[in-house]
1. Ranked highest first by the average count of other Cβ atoms within 10 Å around their residues, in what order do 4-14, 72-82 fall?
2. Would you mind checking the tilt of helix 241-258 against the longest principal axis of the Cα atoms of the chain, expressed as 0 to 90 degrees and rounded to 10?
3. Shape verdict for the chain, please, from the Cα gyration tensor: rounded (a/c under 1.5), prolate (a/b greater than b/c) or oblate.
4. Given a Förster distance of 25 Å, report the FRET efficiency between residue 32 and residue 147 from their Cβ-Cβ distance, rounded to the nearest 0.05.
5. Helix 13-29 sits at what angle to the longest principal axis of the chain, using alpha carbons and giving 0 to 90 degrees rounded to 10?
6. If you fit an axis through the alpha-carbon atoms of helix 187-200 and take the longest principal axis of the Cα set of the chain, what angle between them do you get, 0 to 90°, nearest 10?
7. So if we plug the beta-carbon distance of residue 65 and residue 125 into 1/(1 + (r/R0)^6) with R0 = 41 Å, what FRET efficiency do we get, rounded to 0.05?
8. Estimate the FRET efficiency between residue 236 and residue 172 by the formula 1/(1 + (r/R0)^6), using the beta-carbon distance for r and 35 Å for R0, to the nearest 0.05.
Ligand SMILES: [Zn+2]
């Protein structure tokens, strides 16, 4: 998962028009409304594909037309006695999601507040009806996924257009995703990660393997360059060591950093490796070889210095 900037105030015109056409029926029949999938699917498909570089909003796998679906973050028909029917055509509620993630998540939407309505208790509860303006019209602002009216129910599932996944998730050396936040530090945030992984199956075998493969490729490249560098400096005894180090290693650091570009798959992997390069990558390579440890630390220091300039 990675953060995507979507302008909630600028839904695609076809979605806006479709919502206007369906609004009366939707608000009358509520969850019994016959949702027009053309409006929330075909009409927004291209915009979502472009925004997400054709990747799944949850697992970051590239999607083909066969695996592309439009997911309702808050389900239009929930697994239980709730339905966010009024958000069925809401731009901030629509995410491009691969079939695997969508089939796992379905109508689930756990929230941290009590799910039963508690009248006069002052306690907050799951949102079950749209917010209306004093004149009885729909409050369109309160339909946006980042509005307190919805956020106050404290959803567990991370929203890639509101939450910053880098603050929650981390890829381990094994390729598994785990929480960056300790349970004791913030239980709600910890649970958000746990439930997000569980709801969309973000640690399914194929995803772990794909993320692990990216880390292995980095490892492989680095090992090759170390061998090349040692051979070259042994044979040539260069006067200017730093320029040889730069030549040998900067390209690899750039490859790792580039893996976090938004059009790449599983970008959280490159970001996690880069953030913890010594632990995840270097240690695996130098084991107890202090000469190589020093070399990698030196190369990294040179690289960071060059970036700061
Ligand atoms: Zn997916």
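1. Numbers: 4-14: 14.0, 72-82: 18.6.
Result, highest mean first: 72-82, 4-14.
2. Roughly 20 degrees, rounded to the nearest 10.
3. Values: a/c = 2.93, a/b = 2.33, b/c = 1.26.
In terms of gyration-tensor shape, prolate.
4. According to the calculation, E is roughly 0.50.
5. Roughly 40 degrees between the two axes.
6. Helix 187-200 sits roughly 90 degrees off the main axis of the chain.
7. On the way: r = 40 Å, r/R0 = 0.97.
Working from the Cβ atoms, E equals 0.55.
8. Numbers: r = 39 Å, r/R0 = 1.11.
After rounding, the FRET efficiency stands at 0.35.
Values quoted throughout were computed directly from the atomic coordinates according to the rules given, and no laboratory measurement underlies them. Remember, predicted model here, so these are calculated numbers, not experimental data. No Cβ is skipped: glycine too gets one built from the backbone with ideal geometry, and neighbour counts run over all protein chains shown.
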